[in-house]
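Everything below concerns the one structure shown next.
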Amino acid sequence: MKHTKQKKIEYLFSEIGMIEDNLVHEAMTYLPARRRRPALLVAASLVLMLTVALSAFAIASIRNDDANANGDIVDDGNDMLPDKDSEGQWAPDTSSLDSLLVSSRDNASYTTLSVGEQPEYRDGKTYLVWQYEDSDELCVSRALTSFEISSLSGSIGKGAEVGEQSPSLSCKVWILTGDGAVISPYLKQSSGNVGVTVFDYDPEIIPNDAFVSCVSDILES
Amino acid sequence: MEDYEIVNMYWARDERAIEQSDTKYGRMLKSLSYSVLSSWEDAEECVNDTYLDAWGAMPEARPTYLGAFLSKITRRISIDRFRRAHRQKRGGFESIMEELGDCIPSDSSVVEEYENGRLAEVLNSFLYSQEKEKRVMFIRRYFCSQSISEISRGMNLGEAKIKTTLFRMREELRRILEEQELL
């Protein structure tokens with residue numbers, strides 16, 4: 001049987017379907033590395049986050065007066081940090097973001113996307129997104145409130161720097177700002193650490209307890 | 001649910017395996033099928049047929065990567081359906097086939113029979129020789145049948161770069177097929 005060029009093309013296309021499973025899996029689960037965004041867009045994203053943070057801070061200052069009436073919460077006077085409990089301890093007990101997400105895996109409120117499915121990057125809403133190391137699926141929180149955004153903004157980028165050896169983490173975590181920018185609480189705040197999709201990274205800092213506390217509240221609500 | 005847990009369900013003939021497969025991979029499989037067939041209704045049918053095929057293939061098969069395993073079945077079923085229907089998709093699947101024409105050696109003589117399995121070996125070898133980013137690009141375009149713009153968004157790369165890279169990869173593959181006297 002003679003094979004025309006068209007037949008050969010079809011044969012080639014069919015045989016591409018016989019490539020090894022791990023190659024297909026790699027392509028399906030590939031996450032791009034972070035890329036530098038134009039400085040103007042980065043500046044605009046950061047200004048947007050700062051504006052939201054300042055607005056929510058003003059609202060939170062008014063709302064926070066209610067906590068003292070019941071005597072259950074001690075107001076430490078700093079509305080950008082979670083309040084201490086009656087014994088003067090930071091809540092929650094979970095000391096790291098990684099441990100929190102692992103322990104919350106079965107009972108927290110979030111959406112799991114299908115493999116290969118991308119979250120909404122440009123719908124004007126802010127989301128917390130994470131991925132467990134043993135899974136190819138992305139987990140997405142509900143849209144964050146203004147107060148939650150301001151809480152996260154106040155503590156993001158303020159964690160301790162990692163040592164020479166990057167810590168072994170069970171989750172990758174990102175924040176989607178809703179205007180196409182993607183950042184990670186494990187990275188220092190800089191133009192080189194802003195992406196347009198979720199991306200792979202090596203942690204540079206460890207999110208502080210204030211950040212973890214905010215995330216805990218988000219997952220529990 | 002992890003892949004191995006769903007595969008165990010198939011092996012145990014637990015029908016929830018299909019429901020779990022659909023939850024985890026259904027959307028991706030439908031997109032892959034739609035890229036070939038241009039019809040969501042047909043894509044849905046192909047995906048349903050995929051689960052039937054997978055049910056029949058297990059036990060015996062025990063795939064490590066269930067998504068890849070199901071994708072191959074969906075792709076094969078979709079291509080077969082496309083051939084039977086003789087449909088021509090404008091600007092999508094048809095353009096993918098036209099691009100692959102670049103890989104056919106220009107002076108190739110008429111081949112009487114294809115060497116069974118050898119072309120797949122050469123393709124695997126070719127892909128493993130590429131950088132990861134290029135490999136992913138090629139597979140997303142010619143296995144998953146994604147559009148250039150979908151690949152651009154998913155890989156955070158410009159469309160021009162993707163087109164250029166794929167062009168060069170097709171040229172390289174053609175040289176390899178000429179040297180190997182395949183096609």
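Coupling constants for the stretch B:24-38 follow from the phi torsions by the Karplus curve (6.51 cos²θ - 1.76 cosθ + 1.60, θ = phi - 60°), and in residue order they are 7, 10, x, 5, 5, 5, 5, 4, 4, 5, 4, 4, 8, 9, 6 Hz; glycine and proline get x. Computed from the Cβ-Cβ distance with R0 of 41 Å, the FRET efficiency linking A:Y132 to B:Y128 stands at 0.90.
Pairs to check: A:K158/B:K163; B:K30/B:K161; A:K188/B:K30; A:K8/B:K134; A:K5/B:K72; A:K188/B:K132. Give those whose C-alpha atoms are more than 30 Å from each other in this structure. Flagged as over cut-off: A:K158/B:K163; A:K188/B:K30.
Simple spin-label estimate for B:W40 and A:Q189 gives 4.1 nm between the two label positions (7 Å along the Cα-to-Cβ direction from each Cα).
With the convex hull drawn over the C-alpha atoms of chain B, the volume per residue is 142 Å³. Rounded to the nearest whole Hz, the Karplus-based 3J(HN,Hα) values (6.51 cos²θ - 1.76 cosθ + 1.60, θ = phi - 60°) of the stretch A:186-197 follow the sequence 8, 10, 5, 6, 7, 5, x, 10, 10, x, 10, 9, with x at glycine and proline.
Given DSSP loops and a limit of at most 16 other Cβ atoms within 10 Å, what is the longest stretch of chain B that contains no such GluC sites (Glu not before Pro)? Counting at most 16 other Cβ atoms within 10 Å as exposed, the longest clean stretch of chain B is B:61-111.
Which of the three applies to the stretch A:114-221, rounded, prolate or oblate, going by the alpha-carbon gyration tensor with a ≥ b ≥ c and a/c under 1.5 meaning rounded? Rounded shape, in that the Cα axes give a/c under 1.5. Couplings 3J(HN,Hα) of the stretch B:66-77, computed from phi: 5, x, 5, 4, 5, 4, 5, 5, 4, 4, 4, 4 Hz, in residue order, whole Hz [Karplus 6.51 cos²θ - 1.76 cosθ + 1.60, θ = phi - 60°; x for Gly and Pro].
Taking each residue as 0.36 nm, the span from B:E171 to B:R62 lengthens on full extension beyond its C-alpha to C-alpha distance by 35.7 nm.
Working from Cα positions, state the angle (0 to 90°, nearest 10) between the long axis of helix B:132-142 and the longest principal axis of chain B. On a 0 to 90 degree scale, this one is about 80.
Here the relative contact order of chain B, from alpha carbon pairs under 8 Å that lie six or more residues apart, stands at 22 percent. Taking the longest Cα principal axis of chain B as reference, the axis of helix B:40-57 is set at about 70 degrees. Shielding value for B:70-78 is 3, the average number of Cβ atoms from other chains within 10 Å of each residue's Cβ.
Annotation: amide H-H contacts under 5 Å for A:I205 (H modelled 1.01 Å from N, sequence separation of 5 or more, or interchain): A:V162, A:L187, A:K188. Cα gyration tensor of the stretch B:19-63, axes a ≥ b ≥ c as square roots of the eigenvalues: rounded (a/c below 1.5), prolate (a/b > b/c) or oblate? Prolate. Among B:C46, B:C144, sorting on how many other beta-carbon atoms sit within 10 Å of each Cβ, with the fewest leading, yields B:C144, B:C46.
Readers should treat all values here as calculations from the given coordinates under stated rules, not as data from a laboratory. This is a predicted model, so every value here is computed, not measured. All Cβ positions, glycine included, derive from the backbone under ideal geometry; neighbour counts span all protein chains shown.
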